[in-house]
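What follows is calculated from the coordinates using simple rules that are stated; it is not laboratory data. Quick caveat, the model's predicted, so the values are computed rather than measured. No Cβ is skipped: glycine too gets one built from the backbone with ideal geometry, and neighbour counts run over all protein chains shown.
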Amino acid sequence: RMDRNSTYVLKINLLGNPKKARKDIKCFCFDKVIDSDLTNYKDLVESIVEQYSPRYLEVAHVQYYDDVLKIYPEVTSDQELVSMFEKHSKTKVVHMFVAYCDPSEPYEPITEWHSDAHGQPNNTEQDGDDYLRNPVPENEHVGVDEENIYLEDEPVPFIMVPCSNKEKDKDYVPDHESEAESEVESEDESEDESMSEVEVEEDEEYHKADHAPHIEYNKLDPPMNEGRKYPNMAEFKLALSQHAIKHEFDF
């Protein structure tokens, strides 16, 4: 649990690189709750840079608004950070400005800021622990580029990048795959038809065997005269064999 006496709300205006930033976007604003007793200048800057990354080699510069002197002092050390907290010990709210600059170029501190945010100090003390809650949680872990501060990172209008019908259609199948599937389906259908025909023939043979006419004859001396009929081939072979034994000749 953070100490109320050392808890501050930093209302940060992230300017990005003013020389490269879009003119129609003034800044990106977010709040940061910190404990002044546990925060130093280096850690504060690193926490902001890690959450909202600058471009390659760009350096962060920190300023805040002094509502007594009506100026924008720059913070570059722990001592200046402590001085900033002391000036806002009553309100516990500090309006800060973070700008990124190429190290090869001189940094131009802001000297004025047209905003009504500095007119009246905000009261951050609320019931319970709500004063510690991040009022804009969805802004956490978002880089500068993701906020479209720079011109080259401006998103392309949706109408300029229409989706392909093939990408939209989840059931879309490439032509060659469709043809292959059709061939496989045709083969499967042919096999099914062949199996069906075989089953039909077997059923017919079984049906004929079950309904073969019952013919009476002497099984010990089966007749072999012309035109004689037998119920089936198996019984005919058996009768022929018995006839050969009875009449003692080979066949």
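Quick query: amide H of V93 versus all other amide H atoms, modeled in the peptide plane; which residues come in under 5 Å with a sequence gap of 5 or more or a different chain?
V9
Beta carbons within 10 angstrom, averaged per residue: use that to sort the peptides 86-98, 227-239, 35-47, highest first.
Values: 86-98: 17.8, 227-239: 12.0, 35-47: 14.8.
Highest-to-lowest ranking by the protection proxy: 86-98, 35-47, 227-239.
Short version: ³J(HN,Hα) in whole Hz for each residue of region 33-42, in order, from phi by Karplus 6.51 cos²θ - 1.76 cosθ + 1.60 (θ = phi - 60°), x for Gly and Pro, what are they?
Per residue, the Karplus-derived 3J(HN,Hα) values read 9, 9, 9, 5, 6, 10, 10, 10, 4, 4 Hz.
With respect to the cross-link table entries K26/K90; K26/K87; K11/K87; K20/K70, which display a Cα-Cα separation exceeding 18 Å? Display every interim value, and only then the final one.
Values: K26/K90 29 Å; K26/K87 26 Å; K11/K87 15 Å; K20/K70 27 Å.
The answer is K26/K90; K26/K87; K20/K70.
Name the long-range amide H neighbours of D102: under 5 Å, sequence gap of 5 or more, or other chain; modelled H, no Pro or chain starts.
V59
Based on the Cβ-Cβ distance of R55 and D35, what FRET efficiency does E = 1/(1 + (r/R0)^6) give at R0 = 35 Å, to the nearest 0.05?
On the way: r = 30 Å, r/R0 = 0.86.
The formula returns an efficiency of 0.70 here.
Determine ³J(HN,Hα), in whole Hz, for all residues of region 71-82 in sequence, where each value follows from phi through the Karplus function 6.51 cos²θ - 1.76 cosθ + 1.60 and θ = phi - 60°; x replaces Gly and Pro.
10, 10, x, 9, 10, 10, 8, 5, 5, 5, 5, 4
Describe numerically, in nm with one decimal, the distance between label points set 7 Å from Cα along Cα→Cβ at E108 and at Q79.
3.0 nm
I need the phi-derived Karplus couplings for region 57-69: 6.51 cos²θ - 1.76 cosθ + 1.60, θ = phi - 60°, integer Hz, Gly and Pro marked x.
3J(HN,Hα) across region 57-69, in whole Hz: 6, 5, 10, 8, 10, 10, 9, 9, 9, 8, 6, 8, 8.
How many nm separate the modelled label positions at I245 and L220, each set 7 Å beyond the Cα in the direction of the Cβ?
1.2 nm
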